[in-house]
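Student: Starting off with a structure, shown below.
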Amino acid sequence: MEDHQQSVLKSRTKKSKKRSRGKDLHEPMEPVKQSPGVKHESLQVKIQLVQEQPNKIPPLLAYFPSGYSPCKTQREEEGGGGASTPKVRVFRNTAQRKGNRLQVVVSPGGSNVDFVGSSYTGEAASAQVCRYSLGVLDKETGTLKIIPIATNKIFRMEPRVRTSETANEDASVSAKSELTSDNKDKLDKLGELTTLYGTKKDRKKRKDYIDLKKEADPESQKALEKKIGEVAFDKEALANTSAVIARNIPPHDVSATTPPEAYPLDKIILKGDWDFLGDIHNLLQVGEEVSSNAYPHFVCNRIRKLDATQDDTEKWKLSCVFSYITHLVKFRDQFSMGQASAKNHNVPSIIHHRFLNMFTDPGSKILASDKIDLLISYVLVLTLHADGFRTDPTDIAKDLRISKVDLRRHFLNLGCKLGQQNSVLYATLPVPLNFPSENFRRKRRQ
């Protein structure tokens, strides 16, 4: 019974509160009691809203938490106090999309302290849920003008000790460091979220961004230079590397005594790539045929070689060579127009990344002519390995879509010899390698 009475009393109390609130809304408010002895003047004014004009800067509103008052200093000067009028300067960031960033510098006369406030750092960078305006009352005309303030921010003027540099430079550097610190904290938090919940592509982008930052770090540069200084360089290897770049052909050994050693297979197909080249071998293991739509003519016309090979290791190696040739040809077709079949070809990511580094320029969506020549040279060397260094280039010419003249130029650049037998053109690789001279190569191109 007591609980029921208490609930009734509570409900009545709530209803009475609602009635009182509704009553307060309709009844006029009581005037505020004024202090005795204080006279207040009431004015009838006309309110005028002034819109912000793009060709004029709105007034800037600032305050000094340190207690400094520029108005007081000016009054002392007018009264003969000896203090000079403070100098006020306003700086605007002229960079694109940052034109609303302002910085105010107040320099009191006879002092080495500047008061600096900005619209984008410190207190002004915190969340803001209201708008500020400045009211200017003209008693003579009875008009109250409401004017918007610059950037809708109130500048907090903090004291800064002036150094040998100018006051505005000192303020800009300090503000820039604060802004950089704020951005760094935001980037760190965003990076943590990307690591936890981001997609694989976003995580890779963040990893690349961190690697770039490490390269730009002076400490990382010093550590890298120290490690490079401790490395013992092989002059002969460096000479071979420069020769590869100069001739635009795959890695080779000029002093080799056998054709396989002239263009070592392990320098063309790296150790980590072999595990991703088993697609043709797996198709033959389950008894499926190699489709002519998915593989080049050169590979389809030589699949029978795999059946004729008795050694399982050699069979697996030859199938990997065929697969690598396929990836090279399809990679080139993916950058060509009208090759729809190559768009759906899946190159393993590790091999695709290697191809991008070898045959494309950073940021380019097409293959440069010198990169295409290098790719063709890789394909022709692998065809020599597949055919025992005596190959009929008719099929690979169709796959690469090049003429017999261009094909002959590429083989000669690799150090090969071309000859006919029974009206069939064959390319062979004599050792030691003998490359054509530069004059001969220029004549051939002309």
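Student: State whether the residues of segment 131-154 include one that is at pLDDT below 75 and surrounded by 15 or more Cβ atoms within 10 Å (Cβ to Cβ).
Tutor: no
Student: Okay, next question. Which residue, of ARG304, ARG332, is open to solvent by less than 60 Å² (accessible area, probe 1.4 Å) and basic (Lys, Arg)?
Tutor: From the options ARG304, ARG332, the qualifying one is ARG332.
Student: Pairs under 7 Å by beta carbon, first residue open to solvent by 80 Å² or more (accessible area, probe 1.4 Å) in segment 89-106, partner at pLDDT below 80 and not in a loop (DSSP other than H, G, I, E, B), six or more apart or different chains?
Tutor: Filtered contacts from segment 89-106: ASN100/THR151.
Student: Would you be able to tell me the number of residues in segment 414-429 that are more than 48 Å from the chain's Cα centre (by Cα) and in contact (Cβ under 8 Å) with a residue 12 or more places away in the chain?
Tutor: Total satisfying the criteria: 3.
Student: For a quick check of your reading of the model, give me the residue pairs whose first member lies in segment 373-386 and is among the acidic types (Asp, Glu), whose second is not in a helix (DSSP H, G or I), with beta-carbon atoms closer than 7 Å and at least 6 apart or on different chains.
Tutor: From residues that are among the acidic types (Asp, Glu), the pairs are ASP373/ASN248.
Student: Could you look through segment 384-406, keep only residues that are open to solvent by less than 20 Å² (accessible area, probe 1.4 Å) and not in a helix (DSSP H, G or I), and pick out the one that is nearest to ASN293 (Cα to Cα)? So that I can check it myself, show each step before the final result.
Tutor: Initially, segment 384-406 is screened for residues open to solvent by less than 20 Å² (accessible area, probe 1.4 Å), giving 384, 386, 391, 393, 396-397, 399-400.
This time we only want the ones that are not in a helix (DSSP H, G or I), so: 391, 393.
Numbers: THR391: 23, PRO393: 20 Å.
For segment 384-406, the residue satisfying everything is PRO393.
Student: Let me ask something else about it. Can you report the number of residues in segment 351-398 which are hydrophobic (A, V, I, L, M, F, W, C) and farther than 18 Å from PHE298 by Cβ?
Tutor: Applying the first criterion (hydrophobic (A, V, I, L, M, F, W, C)) to segment 351-398 yields 351, 355-356, 358-359, 366-368, 372, 374-376, 379-382, 384, 386, 389, 396-397.
Those left that are additionally farther than 18 Å from PHE298 by Cβ: 351, 355-356, 358-359, 366-368, 374.
Final tally of qualifying residues: 9.
Student: Quick check: anything in segment 264-286 out of contact with any helix residue (DSSP H, G or I) (no Cβ under 9 Å at 6 or more places or on another chain), open to solvent by 50 Å² or more (accessible area, probe 1.4 Å), of a type outside the set (Ser, Thr, Tyr) and in a loop (DSSP other than H, G, I, E, B)?
Tutor: Within segment 264-286 (the criterion being out of contact with any helix residue (DSSP H, G or I) (no Cβ under 9 Å at 6 or more places or on another chain), open to solvent by 50 Å² or more (accessible area, probe 1.4 Å), of a type outside the set (Ser, Thr, Tyr) and in a loop (DSSP other than H, G, I, E, B)), the answer is yes, since at least one residue qualifies.
Student: Report the residue count in segment 107-130 for those that are open to solvent by less than 20 Å² (accessible area, probe 1.4 Å) and either closer than 26 Å to LEU49 by Cβ or not in a loop (DSSP other than H, G, I, E, B) (or both).
Tutor: 8
Student: Among residues belonging to segment 63-78 that are touching a strand residue (DSSP E or B) at 6+ places or on another chain (Cβ under 8 Å) and outside any strand (DSSP E or B), point out the one that is modelled with the lowest pLDDT.
Tutor: Ranking the qualifying residues of segment 63-78, first place goes to PRO70.
Student: Can you say whether SER291 is closer than 25 Å to ARG401 by Cβ and at pLDDT below 85, as far as the supplied structure shows?
Tutor: Answer is yes for this residue.
Student: Go through segment 34-62 residue by residue and tally those that are surrounded by 10 or more Cβ atoms within 10 Å (Cβ to Cβ) and modelled with pLDDT of 80 or more.
Tutor: Residues flagged as surrounded by 10 or more Cβ atoms within 10 Å (Cβ to Cβ) and modelled with pLDDT of 80 or more within segment 34-62 amount to 10.
Student: Something else: Give all pairs with beta carbons closer than 7 Å in which a residue from segment 388-408 that is within 15 Å of LEU328 (Cβ to Cβ) and in contact (Cβ under 8 Å) with a residue 60 or more places away in the chain meets a residue that is open to solvent by less than 20 Å² (accessible area, probe 1.4 Å) and in a loop (DSSP other than H, G, I, E, B); count only pairs at least 6 apart in sequence or on separate chains.
Tutor: Listed by first residue and then by second, the contacts come to ASP399/PRO296.
The values are calculated or read from the model by the stated rules, or taken from the named source; none is laboratory data. Values in this document were obtained by computation on a predicted structure and should not be read as measured data. As a convention, Cβ positions derive from the backbone with ideal geometry for all residues, glycine included, and neighbour counts pool all protein chains shown. For the accessible areas, the whole protein counts, side chains as well, though only heavy atoms, and no ligand, DNA or RNA atoms are used. Shrake-Rupley method; radii C 1.70, N 1.55, O 1.52, S 1.80 Å.
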